[in-house]
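The values are calculated or read from the model by the stated rules, or taken from the named source; none is laboratory data. This one's a predicted model, so the numbers in the text were calculated from it and none came from an experiment. Cβ: placed from backbone, ideal geometry, glycine included. Neighbour counts: every protein chain shown. The accessibility values were calculated without ligands, DNA or RNA, using every heavy atom of the protein model including side chains. Shrake-Rupley method; radii C 1.70, N 1.55, O 1.52, S 1.80 Å.
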Amino acid sequence: MRTSPLRDRLAAAGAVFRERHGVEVAAHFGDVRAECGAVREAVALADFSFVRGFTLPETPGIDFLDALLAGNVPKIRFGRLLHTFLADADGRLAADCFVANNDQEFVLLAESILPDEPFDALLASAGIESPAKDLTGDHVVLILDGVKSWEIVKKLFGADVIGLPYLSIENYEFAGEPVRFIRAGKTSEFGYLLVAPVAIAAQLFDTLKAEVEARGGRLAGTDAHDALRLEGRFFNIFREGARVRDPLPLGLQWMVDFDKEKFLGSDAIKQRRLAGLKQKIIGLVAGADCTALKTGVKIFHDGQPVGEVVADCLSYVLNRPLALGLFPVELAFSGLSFHVGSADGPMAQSISMPPIMPRSLAVKLDEM
Amino acid sequence: MSECATKSIARRRQVIDTFKQELIRRLNLPYLPEDLHEDVALLGSGLGLDSLDALEIVLCVETCFKIKIPDNSISVLRSINTVVDFVIEQQDLNGGRP
C-alpha cells in the first residue's frame, strides 16, 4: 500500500489513517465537523498525495493524453486546466483528472479508484508509448481550502496568485524549489493545490500548517473533503464515482468531448449515450434525526423500491443528512418525497443541488 | 404516483426542457439537452461558463419565462436546477402564470 511522504507529520498531528483503493489516506484528525467548519469559515490544509501526478512534454504529451482522456486536451489554453476523466475500455470510470497546460509541459493529476499497478497498465493501453514522468513518489500534493485560503497563498507567493482564475496553473518557488500552483478546489470555497518536490515537503507542510492555524484553521482529512464535495455538488470519484462507474448517470457528460473520434472507452460511452439515459443521480436530504440515509440503502416510492443511495454525508452547514440517490430518469426531479430503507421508512426529499451557498462567493478577490 | 407529484414533475420538466434548449442554442453548447444534468454547475466548474455567458443566461431566462432576475443573483445561476427553482417560485408569486 502506498503511503504519503508526509505520513510521520500527519501521524504526529493525530491523523487516523485508512486504506482507499490501494493508497493510505489521512481520513480525519479526530473531529470531522471542525474540519468541515474550518473550510467553510476559515481555512484547512490537507495532504492529497494520494493523487497520482505526472508531467509530460508538450509533444507528444498532447497526443498521448488526448488518446486517453474524455476531454479535449489540445483545446486547453496555456496556463489553464481541463477537468475530465479517464475510463477503461468498457467506458467505466477509473480516475477523475485535471490536465494542465503548463509552459512546455502538461501536468496530469489523477484521483484514481484503481491501485497504482492497474492504473499504470491503463495509461499504457493508450496505443501510444507513454512519455509521462511519474511524480507520485517524489512529490507531495497539498491543498489549502477555505474562505481565507487566499490570504496564505498571497503571503507565500505574492499578490498575483489571487488574480488567477479557477482552473489555472502557475509556477512559483518555495525554499528555492519549484512548486506547481493550481487553483482548483472541490469544496466550493477557494482552493489551491500545491505540487512540490519531496525535498521541501516537510518545510512547506509546516509553514502552511502554521499559517492555517494562525487563521483559526486546522488540518482536514478525506472524510471532511468527501462531505464538503457533496455539499458543493462536486463529483467525487471515491464515493458516487466508485459505486456507479458509468459517467452518464453521474451527469459527467460535460467532461466529455463527444465530437472527439476516439478516447479510452469512447465506443462504450457513445453507445450508451445513443441508447438513451435510463438513470441519473439526484440530491436527497432527510430530517436531522434520520440515521437511515446511508450509501447502499434502497429508496422507496409508492411502496416500491425505485432508487439507491450512492453517496452520503452529514452536512454540517444544513445540519441534516445529505445524499445522492440513483433513480430512473422519470423520477429524477427535485421536490419529490421518498421513503428511506423501506416502504414506510423515514422520509427524504429530492432537492436541487448544490444546497448551500459558500461564503467564498461573497468574497471579491479582485478587490483585495 | 400521486396526481400532485405527477403535475409537479410535468411542470418542472417543461421549464427544464425550455431552459436547456435555449441555453444550448444561445451559448452554442456542444451537447444534447439530455447531456446536461440539472445539477451541473453553470459557472466555474461544470460547464465552465464565464461572466459574459452569465449575462446570456440571465437574458435567456428573462426572455423565455418573462421573469426578471435581480442583480447579484449568483445563487440563482449556480445550476440548471437552481435556475428552474427560481423560475417556478417566481411563476407561483405571479399567480401561477407561466
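Some values worked out for this structure:
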item	result
Set A:270/B:66; A:133/A:154; A:270/B:68; A:154/A:280; A:280/B:66 screened for pairs whose C-alpha atoms are more than 32 Å apart	A:270/B:66; A:270/B:68; A:154/A:280
GNM top mover of A:130, A:168, A:266 - chain A, alpha-carbon springs below 10 Å	A:130
Label-point separation in nm, residue A:261 to residue A:103, each point 7 Å along Cα→Cβ	3.5 nm
Residue-count net charge about residue B:76 - beta-carbon cut-off 13 Å; Lys, Arg +1, Asp, Glu -1	-2
Distance between modelled label sites at residue A:330 and residue B:54, nm, 7 Å Cα→Cβ extension	3.9 nm
Neighbourhood net charge (12 Å Cβ-Cβ; Lys/Arg +1, Asp/Glu -1) for residue A:263	-4
Choice from A:321, A:197, A:346 with maximal GNM fluctuation in chain A (Cα, 10 Å cutoff)	A:346
Segment residue A:198-residue A:72, length gained on full extension (0.36 nm per residue, minus Cα span)	42.2 nm
Net charge contributed by nearby residues that have their C-beta within less than 13 Å of residue A:294 (K/R +1, D/E -1)	+1
Ordering of A:224-233, A:14-23, A:84-93 by packing [mean C-beta count within 10 Å, highest first]	A:224-233, A:84-93, A:14-23
Per-residue mean of C-beta atoms belonging to partner chains within 10 Å, peptide A:227-236	2
Chain A, accessible area per residue, ligands and nucleic acids excluded (1.4 Å, Å²)	38 Å²
Equivalent ellipsoid dimensions for region A:236-351 as semi-axes, Å, which come from the Cα gyration tensor, largest first	29, 15, 11
Estimated FRET transfer efficiency (residue A:272, residue A:214; beta-carbon r; R0 60 Å; 0.05)	0.75
Label point distance in nm, residue B:89-residue A:2, each placed 7 Å from Cα along Cα→Cβ	4.4 nm
Peptide-level mean, for A:112-118, of C-beta atoms on other protein chains within 10 Å	0
Fraction of accessible area attributable to carbon and sulfur, region B:2-61 (%, probe 1.4 Å)	55 percent
Volume of the Cα convex hull of chain A, divided per residue and given in Å³	132 Å³
10 Å Cβ neighbours from other chains, averaged over peptide A:329-337	5
